[in-house]
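Beneath this line is the structure, given in structure tokens, with notes to follow.
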Amino acid sequence: MNALAPSSPDNARRSPAEIALIAAAYAIVGLMLVLPPVLVFTEALRSGLGAALASITDPDALSAIKLTLEMTVAAVAINTSFGVLAAWLLAKYRFPGRSVLVALIEIPISVSPVVAGLVWLLLFGTQGWWGEALNRVGITIAFATPGILLATLFVTFPFVTRTLLPLMEQQGRDAEEAATLLGASFWRILWGVTLPEARWALLSGGLLTTARAMGEFGAVSVVSGHIPGLTETMPLHIETLYNGYQSVAAFSMAALLAIMAMATVGMRSLFEARMRREEPRKAETAGGGA
Amino acid sequence: MNLSATLSPTREPSTLHAKGRRARDPLPGFRLALGATLLWLGLIVVLPLAALAVRPWQEGASAMLAALNDGRMFAALRVSFQSAVLAAILDLPLGLILAWALVRTRLPGRRLIDALIDLPFAIPTAVTGITLATLYSPQGWLGAPLSRLGISVAYSVTGIVAALMFVGLPFIVRSVEPVLRDLPSELEEAATLLGARPWQIVARVLTPALLPSLISGFGLAFARGIGEYGSVIFIAGNQPFRSEIAPLLVVVRLQEFDYAGATSIAFILLVASSACLAAVAMLRRRAARGLVAEGAA
């Protein structure tokens with residue numbers, strides 16, 4: 001792509017307007033996009049690496065890290081399994097009500113994080129529809145880990161389906177139908193035919209889910225109850241530390257979370273580049289067959 | 001691109017059954033996939049949203065009117081909407097410049113800039129929140145020089161706008177960038193040869209071609225901005241009637257156990273951002289159709 005992209009024909013003759021625009025671009029990137037991450041690490045290391053590491057290995061911090069990892073793994077596992085089935089359904093079949101399902105799956109994207117937390121309190125909070133009743137039989141959902149998981153599931157709901165669907169639609173269903181004629185079962189087709197073709201998209205969707213699940217703040221904040229050591233995830237612990245004027249500890253935690261999120265997103269762009277590189281090859285073979 | 005690409009079908013899947021649509025689908029798994037999807041969608045999305053839609057009416061119309069007749073709520077909604085609009089507007093020129101620099105120049109570090117543009121998407125909102133609050137605080141790296149100029153950013157509406165600008169910037173860049181890439185640079189060169197001045201090229205050549213993508217970037221940034229919570233609350237002053245955003249008031253009402261109040265604000269936020277995103281999706285479909293028609297002609 002880059003080889004085809006137009007570039008200024010000769011760099012030696014840039015007009016003053018162009019130079020001004022380029023300077024502006026660097027200024028925007030520097031002030032808006034470079035300073036914030038630099039500040040995170042500077043503040044984290046303000047009292048030295050030892051202090052930063054000590055604040056990350058504090059018991060409450062460790063419990064927040066553990067809870068975040070648990071919630072992320074659970075949310076990714078659940079939303080990926082169901083997301084794959086939903087993408088299969090929407091890509092391979094046409095049926096009445098299909099577009100309604102597509103629209104419903106998209107909804108969580110437009111919902112404010114706070115609202116994504118609130119809806120669970122309406123169901124399971126102390127004044128919610130079923131909160132009291134469930135409490136009486138010893139089940140607590142709001143202000144406990146099940147509530148955090150539900151909020152995380154809601155905000156990361158569409159990502160796997162959204163990433164898989166365009167690709168699975170492009171695949172058509174010829175290979176799947178051939179496999180059916182050869183007697184393959186549904187699971188066999190999904191594992192052996194459809195998913196290998198869509199593996200990069202699946203990974204990309206899973207990583208997007210991971211990144212969002214780790215970093216979710218608003219939704220989790222509403223349902224968690226903020227009990228340090230019990231229901232605090234990493235983002236919530238960052239808030240507690242920051243509001244308690246423990247700046248170094250807050251930014252150390254923030255640096256760790258930022259590294260985790262950026263690593264996830266970085267891996268995802270690698271896979272997406274891979275996906276794009278494989279696509280032209282597929283198009284060529286398809287063109288050759290036609 | 002994944003942010004805003006809709007799930008709309010691009011191509012009908014081929015079917016072995018050309019004779020009749022009613023014939024049994026040869027592909028196994030329809031019932032299983034449908035059942036799983038309905039269960040998952042029902043439990044995680046439909047059920048909670050149904051609660052949101054029903055709850056405001058549960059205590060009767062008078063309770064709902066009382067909840068709506070709340071000056072603090074309208075003030076918070078106004079702060080959220082105004083800040084989101086202003087931030088998205090201010091992001092337009094910035095995003096346009098970055099998209100132009102990415103597409104039309106061979107700047108050193110272009111790859112790095114490309115990666116940095118997605119940073120606001122990648123960084124968790126709580127991290128963004130405490131970082132911007134520190135950056136723009138009166139002693140902060142940007143806050144100190146600005147306060148010497150008499151501009152205070154943190155703990156006011158200005159801070160809210162600054163945070164929303166950070167969150168919204170990638171939406172503009174990533175909406176404009178592909179369209180600008182498809183626009184032949186010869187267009188600009190021809191305009192230059194014909195004697196157009198740089199501002200004329202921007203106003204007469206670039207802006208009309210990029211307008212749909214600018215509007216959709218604006219819409220995405222705005223929809224995100226009105227609901228944004230984590231990256232805003234640390235830098236906003238959170239003073240009722242002045243610098244309190246609507247999502248924060250939802251949290252405040254919940255802490256007061258005022259579920260009716262919280263739900264009515266939540267409902268308004270949900271309707272506003274859904275309507276905005278639906279409008280963007282419609283605009284994109286139209287723009288796509290326009291391009292197809294042009295290509296076919």
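The values are calculated or read from the model by the stated rules, or taken from the named source; none is laboratory data. Computed from a predicted structure; not experimentally measured. Cβ placement follows ideal geometry from the backbone for every residue including glycine, while neighbour counts extend to all protein chains displayed.
Quick rundown of the values:
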read-out	value
From A:Ala151, A:Ala179, A:Ala175, residue being part of a helix (DSSP H, G or I), in contact (Cβ under 8 Å) with a residue 12 or more places away in the chain, more than 7 Å from chain B (Cβ to nearest Cβ) and touching a Pro at 6+ places or on another chain (Cβ under 9 Å)	A:Ala151
Only listed residue being of a type outside the set (Ser, Thr, Tyr), surrounded by 24 or more Cβ atoms within 10 Å (Cβ to Cβ) and within 9 Å of another protein chain (Cβ to nearest Cβ), chosen from A:Val160, A:Val102, A:Val119	A:Val119
Residues within segment A:213-254 that are part of a helix (DSSP H, G or I), more than 8 Å from chain B (Cβ to nearest Cβ), over 16 Å from the mean Cα position of the chain (by Cα) and aliphatic (A, V, I, L, M), tallied	5
Any chance B:Glu177 is more than 14 Å from B:Leu98 (Cα to Cα) and either at pLDDT 90 or above or not hydrophobic (A, V, I, L, M, F, W, C) (or both)	no
Among (1) touching a Pro at 6+ places or on another chain (Cβ under 9 Å); (2) free of Cβ contacts under 8 Å to residues at least 12 places away in the same chain; (3) among the aromatic types (Phe, Trp, Tyr), the one test that A:Trp129 misses	(1)
Residues satisfying the stated conditions in segment A:50-71, i.e. over 13 Å from A:Met214 (Cβ atoms) and touching a helix residue (DSSP H, G or I) at 6+ places or on another chain (Cβ under 9 Å)	A:Ala51, A:Ala52, A:Leu53, A:Ala54, A:Ser55, A:Ile56, A:Asp58, A:Asp60, A:Ala61, A:Leu62, A:Ser63
Among (1) at the interface with another protein chain (Cβ under 7 Å from one of its Cβ atoms); (2) over 23 Å from B:Phe257 (Cα atoms); (3) not hydrophobic (A, V, I, L, M, F, W, C) - the single one A:Pro196 does not satisfy	(1)
Count of residues meeting criterion [of a type outside the set (Gly, Ala, Ser) and closer than 15 Å to B:Pro108 by Cβ] in segment A:25-43	3
Of the criteria (1) surrounded by fewer than 16 Cβ atoms within 10 Å (Cβ to Cβ); (2) under 22 Å from A:Pro16 (Cα atoms); (3) touching a helix residue (DSSP H, G or I) at 6+ places or on another chain (Cβ under 9 Å), which one B:Pro198 fails	(1)
Test result for A:Ile78, within 29 Å of B:Trp57 (Cβ to Cβ) and more than 7 Å from chain B (Cβ to nearest Cβ)	no
Matching option when the condition is of a type in the set (Gly, Ala, Ser) and within 22 Å of the chain's Cα centre (by Cα), among A:Ala103, A:Ala54, A:Ala142	A:Ala103
Single residue of A:Gly215, A:Gly244, A:Gly205, A:Gly225 found to be within 25 Å of B:Gly237 (Cα to Cα) and either crowded, with 22+ Cβ neighbours inside 10 Å or among the aliphatic types (A, V, I, L, M) (or both)	A:Gly215
Test: residue in segment A:70-78 that is modelled with pLDDT of 95 or more and over 25 Å from A:Glu239 (Cβ atoms)	yes
Segment B:108-139, subset free of Cβ contacts under 8 Å to residues at least 12 places away in the same chain and more than 22 Å from A:Leu270 (Cα to Cα), residue surrounded by the fewest Cβ atoms within 10 Å (Cβ to Cβ)	B:Gln139
Among the residues listed as B:Leu187, B:Leu254, the single one being without any contact (Cβ under 8 Å) to a residue 12 or more places away in the chain, over 25 Å from B:Leu90 (Cβ atoms) and assigned to a helix (DSSP H, G or I)	B:Leu254
Subset of segment B:222-246 (residues that are under 15 Å from the mean Cα position of the chain (by Cα), under 19 Å from B:Ser137 (Cβ atoms) and hydroxyl-bearing (Ser, Thr, Tyr))	B:Ser231
Condition check for A:Arg188: more than 30 Å from A:Val38 (Cα to Cα) and in a helix (DSSP H, G or I)	yes
Qualifying positions in segment A:122-137 - at the interface with chain B (Cβ under 7 Å from one of its Cβ atoms), surrounded by fewer than 20 Cβ atoms within 10 Å (Cβ to Cβ) and of a type outside the set (Phe, Trp, Tyr)	A:Gln127
Selection from segment B:233-253 of residues that are buried (at least 23 other Cβ atoms within 10 Å of the Cβ), facing another protein chain (nearest Cβ under 10 Å) and in contact with a Gly (Cβ under 9 Å, 6 or more places away or on another chain)	B:Ile233, B:Phe234, B:Ala246, B:Pro247, B:Leu249, B:Val250, B:Arg253
